[in-house]
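Asks: Before we start, here is the structure in question, set down as structure tokens.
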Amino acid sequence: MNIVDIKQNNRKKIYFYIRENNFATKQDIAYDLQLSLPTVTQNLEYLCKAKLIGSNQKLSTKSGGRNPIAYSYIADAKVAIGLDITKHSINGVVMDLMGNVINRIFLKRDFRNNGEYFILLGNLVENMIDNIHLDRQKLLGIGIAMPGLINEEQGLVVDGRVISNTGISNKDFVKYIPYPTKLVHDSNASGFSEIWMSPEIHNAFYISLCNSIGGSVLVNDKVYMGDGLYSGEVGHMNLVPNGKPCYCGQRGCFDAYCNAERLANYSNDDLGLFFLRLKQGDELLQKVWNEYLDYLAIAVHDIRMLFGCKIILGGYVGAYMKDYMDLLCERVNAKNPFGENAHEFLLPCKNKVESVATGASLYFIDEFFKNFGKNPMED
Ligand SMILES: [Zn+2]
């Protein structure tokens with residue numbers, strides 16, 4: 001490490017120490033991080049000036065001497081916005097550096113690939129900022145999550161058959177959203193949000209059981225993108241040779257058996273109602289649900305054999321899975337050749353409502369932490 005690296009590293013360490021502890025005195029920091037008081041002082045001044053931490057919070061001491069200054073973490077020193085764009089709705093969140101959602105919107109609006117729709121998105125973003133009187137300097141960027149095969153590096157939807165968004169790119173948004181934007185795949189956003197919320201999990205496979213099925217491979221706390229765009233696309237794993245037709249043109253895909261719409265179709269397109277009637281003992285729905293679990297168990301088993309990591313059940317159906325884990329695990333266990341207990345690796349998602357939107361915003365938050373100290377904080 002050269003002298004610049006050491007300086008950056010010290011600043012980062014101090015900043016993260018305060019983040020973890022919420023507030024700390026100069027003496028705490030110097031002692032716990034084994035840094036000299038002048039080094040700590042210099043960095044604290046810098047971080048205060050950059051408005052990333054606050055000072056002046058007096059701690060009461062029993063000694064009667066001068067109270068030491070406590071430095072506190074400012075969670076909303078920077079924020080990011082995440083948008084979840086689906087076929088029929090838009091969900092948006094503003095998230096701070098601690099992962100708190102500080103504003104949210106939800107709008108029922110059919111997706112349209114036209115200027116009017118992008119103007120609407122631009123207005124929504126401005127409203128979310130204005131509603132909480134947010135200083136625009138604090139905004140790191142806007143993650144925009146959608147279904148479809150997305151080349152995230154190029155910011156381009158390569159195959160958008162689910163909501164007819166093929167060809168949409170970052171350029172379509174920047175005209176109306178004057179902030180840094182990043183186009184992300186919805187399942188990757190969800191998976192990333194789950195792993196961010198679970199510090200104990202570093203590797204996992206996230207299955208998104210929404211109106212189409214997606215997945216995300218999470219390795220070492222990051223989304224594994226593979227060489228192409230298809231990493232994690234478990235929706236099109238073949239479960240049944242020559243089975244039900246899938247929207248992709250093939251037959252027998254996992255998606256054709258386990259997408260959320262298949263269940264909702266039995267209850268006026270209302271998935272909540274499906275699970276309510278299921279609980280009430282509706283015989284037809286119980287049959288449908290048992291069949292659903294049979295197919296889901298095949299996919300879960302195959303993924304477990306492939307990756308040997310934790311598997312998180314997310315998406316619309318994942319949000320209801322908590323009460324049915326025994327039924328599913330039983331089926332998965334019956335297939336396991338190594339006597340594993342699925343209860344130990346199969347988990348229902350934690351983030352039940354806004355995982356896509358929060359995950360999309362977290363890309364910018366994560367980036368901010370990763371690059372911390374590399375750029376002048378006044379930026
Ligand atoms: Zn398919």
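Asks: Mind telling me which of the residues 230, 224, 257 ends up being at pLDDT below 95 and within 13 Å of the ligand (Cβ to nearest atom)?
Replies: On the way: 224 fails: within 13 Å of the ligand (Cβ to nearest atom); 257 fails: at pLDDT below 95.
Step by step, each of 230, 224, 257 is checked, and only 230 is at pLDDT below 95 and within 13 Å of the ligand (Cβ to nearest atom).
Asks: Examine the stretch 284-296 for a residue that is touching an Asp or Glu at 6+ places or on another chain (Cβ under 8 Å), open to solvent by 10 Å² or more (accessible area, probe 1.4 Å) and assigned by TED's automatic domain parsing to the domain that holds residue 212, and state whether such a residue exists.
Replies: No, the stretch 284-296 contains no residue that is touching an Asp or Glu at 6+ places or on another chain (Cβ under 8 Å), open to solvent by 10 Å² or more (accessible area, probe 1.4 Å) and assigned by TED's automatic domain parsing to the domain that holds residue 212.
Asks: Would you be able to tell me the number of residues in the stretch 36-51 that are crowded, with 17+ Cβ neighbours inside 10 Å and either hydrophobic (A, V, I, L, M, F, W, C) or under 16 Å from residue 69 (Cα atoms) (or both)? Working first, answer last.
Replies: Taking the stretch 36-51 first, the residues crowded, with 17+ Cβ neighbours inside 10 Å are 39-40, 43-44, 46-47.
The next check asks that each one be either hydrophobic (A, V, I, L, M, F, W, C) or under 16 Å from residue 69 (Cα atoms) (or both); those that pass are 40, 43-44, 46-47.
Total meeting the criteria: 5.
Asks: Same structure, new question: Could you look through the stretch 240-254, keep only residues that are under 26 Å from the mean Cα position of the chain (by Cα) and outside any loop (DSSP other than H, G, I, E, B), and pick out the one that is farthest from the ligand (Cβ to nearest atom)?
Replies: Taking the candidates together, the pick is 254.
Per-residue answers, yes or no, for (1) crowded, with 19+ Cβ neighbours inside 10 Å; (2) of a type in the set (A, V, I, L, M); (3) touching a Leu at 6+ places or on another chain (Cβ under 7 Å):
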{"site": "300", "(1), (2), (3)": "yes, yes, yes"}
{"site": "308", "(1), (2), (3)": "no, no, no"}
{"site": "313", "(1), (2), (3)": "yes, yes, yes"}
{"site": "319", "(1), (2), (3)": "yes, yes, no"}
{"site": "327", "(1), (2), (3)": "no, yes, yes"}
{"site": "332", "(1), (2), (3)": "yes, yes, yes"}
{"site": "352", "(1), (2), (3)": "no, no, no"}
{"site": "358", "(1), (2), (3)": "yes, no, no"}
{"site": "370", "(1), (2), (3)": "no, no, no"}
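Asks: Considering only residues of the stretch 265-274 that are open to solvent by 10 Å² or more (accessible area, probe 1.4 Å) and either in contact (Cβ under 8 Å) with a residue 60 or more places away in the chain or part of a helix (DSSP H, G or I) (or both), which is nearest to the ligand (Cβ to nearest atom)?
Replies: Step one: list which residues in the stretch 265-274 are open to solvent by 10 Å² or more (accessible area, probe 1.4 Å), which gives 265-266, 268-273.
Going one step further and asking which of them are either in contact (Cβ under 8 Å) with a residue 60 or more places away in the chain or part of a helix (DSSP H, G or I) (or both), we end up with 271-273.
Values: 271: 21, 272: 26, 273: 27 Å.
It comes out as 271.
Asks: Within the stretch 171-203, count every residue that is touching a helix residue (DSSP H, G or I) at 6+ places or on another chain (Cβ under 6 Å) and under 26 Å from residue 252 (Cα atoms).
Replies: Here the count works out to 2.
The values are calculated or read from the model by the stated rules, or taken from the named source; none is laboratory data. What you see is a predicted model, and the numbers here were worked out from it, not measured in a lab. FYI the Cβ positions are ideal-geometry reconstructions off the backbone, even for glycines, and counts take in every protein chain you see. Calculation scope for accessible area: heavy atoms of the full protein, side chains included, ligands and nucleic acids excluded. Shrake-Rupley method; radii C 1.70, N 1.55, O 1.52, S 1.80 Å.
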